[in-house]
1. Obtain the nm distance between the two label points defined at Arg297 and Cys69 by a simple spin-label model: each point lies 7 Å from its Cα along the Cα-to-C-beta direction.
2. Roughly how many percent of the accessible protein surface of the chain is carbon and sulfur, given a 1.4 Å probe and a whole-percent answer?
3. For the chain, what is the relative contact order in percent, using Cα pairs closer than 8 Å and at least 6 residues apart in sequence?
4. Which entry is the computed Rg and Dmax of the Cα atoms in Å for this structure: [x] 19.8, 67; [y] 19.6, 55; [z] 23.4, 73?
5. Principal axis lengths of the range 3-85 from Cα atoms, whole Å, largest first?
6. Express in whole angstrom the spacing between the alpha-carbon centres of the range 243-291 and the range 52-78.
7. Using +1 on the beta carbon of Lys and Arg, -1 on that of Asp and Glu, and nothing else charged, what's the dipole of the chain about the Cα centre, debye to 20?
8. When the Karplus curve 6.51 cos²θ - 1.76 cosθ + 1.60 is applied with θ = phi - 60°, which whole-Hz ³J(HN,Hα) does each residue of the range 161-177 get, with x for Gly and Pro?
Amino acid sequence: MDKLRALEYFIAAANERSFTGAARALNVSVPAVARLVGALEQRLGVALFDRTVQGLTLTSDGVNYLAACRPLLEQMDAADEALRSGAMRPRGSLVLGTSPILSQHSILPALPAFHARYPDIQIDIRNIDRITAPDASAAEVLVLYGWPKQPGMVHRHLADTRLMICASPRYWETHGMPATLADLTQHQCLLFRDHEGTVIDYWEHEHDGKTEAVAVNGWLISSHRDVILDAVIAGQGVARFTDLSIREPLRAGLLVPVLTDWQSRQAPPINLLYRSNQRRLPRVRLFIEFLTGLFQRLETERAPDLAQHVAAEEPHWYRRRHSRASATPTPPRRPPRAGPTV
């Protein structure tokens with residue numbers, strides 16, 4: 001048995017959660033993957049996968065074996081690529097895990113420039129919106145909103161965001177603009193449902209040093225951000241968006257923000273995550289440098305009145321399983337930390 005190839009097939013099957021997906025990723029036949037993984041299990045004397053009609057699931061032995069084997073293959077890949085990169089351009093496939101919002105509105109517009117500079121690096125973008133998603137382990141680089149926590153991974157802050165309350169010009173002309181946060185209860189507020197199933201109907205903002213919160217509601221709820229965006233542009237209501245995701249509709253005048261001097265600590269930061277040994281791969285290192293520069297540029301291009309913002313904090317409802325954010329008990333607000341005296 002070719003032990004190295006068997007490990008490669010095993011890791012691919014774990015990443016893809018099927019022999020078919022592994023075979024497709026490796027460009028080999030399905031029987032070849034199944035046969036070699038089976039031979040590896042027989043040699044080890046344990047089952048690495050539970051096989052069902054829904055696909056493959058790692059057993060407890062499989063989970064432990066994957067954690068032990070993955071760094072070994074990654075180190076070998078890094079050694080191979082470092083050797084090759086001395087004689088040729090960086091190459092290979094890089095798996096990026098990120099949400100459709102970030103890929104479509106922030107990363108994708110800049111990717112042609114990266115491709116022009118490194119034409120032999122193939123970018124494989126997978127829709128992953130949380131660190132616990134089943135496909136997250138297959139990603140070499142993750143770019144995620146929010147406050148992800150994953151021990152064993154390098155976690156870097158890429159950018160801050162602002163939550164902007166927007167509607168179409170036609171909607172504001174028909175219904176009037178709110179003067180305070182409380183006025184939003186008189187408007188149709190179209191709501192997002194996050195990946196945990198919580199409807200984000202609790203909007204908390206600060207103004208002149210005071211914090212206010214309001215439970216809003218409207219006729220449309222969706223977990224698809226572009227559904228909400230299209231409805232708002234069509235004049236059907238008000239919604240909150242992260243500022244970096246609506247740059248083009250704002251420039252085109254399709255969205256008009258209100259209460260811009262109200263800021264929210266619930267604005268989710270943008271995070272970069274990767275395993276430390278992955279950075280040894282030239283293609284990964286170059287892509288990390290590209291992402292870092294990209295989001296630095298996006299922050300500098302932010303409108304001057306949006307450059308200053310309050311520090312983001314994990315919302316009280318973020319890790320709690322409630323149908324609505326407003327249903328989660330609000331803890332007493334902690335006083336701000338005292339800064340250094342001078």
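1. 4.1 nm
2. The C+S portion of the solvent-accessible surface of the chain is 52 percent.
3. Once normalised by length, the contact order is 19 percent.
4. Here Rg and Dmax of the Cα atoms in Å agrees with entry [z].
5. Result for the range 3-85: principal-axis Cα extents of 42, 25, 20 Å.
6. Taking the Cα centre of the range 52-78 as reference, the centre of the range 243-291 is 31 Å away.
7. That gives the chain a dipole magnitude of about 800 debye.
8. In residue order, the calculated couplings are 10, 10, 8, 10, 8, 9, 8, 7, x, 5, 5, 5, 5, 7, 10, x, 8 Hz.
The values are calculated or read from the model by the stated rules, or taken from the named source; none is laboratory data. Please read all numbers here as calculations on a predicted model, not as lab measurements. Counting neighbours? That spans all protein chains shown, and the Cβs are built from the backbone with ideal geometry, glycine included. Please note that ligands, DNA and RNA were not included when accessible areas were found on the heavy atoms of the full protein model with its side chains. Shrake-Rupley method; radii C 1.70, N 1.55, O 1.52, S 1.80 Å.
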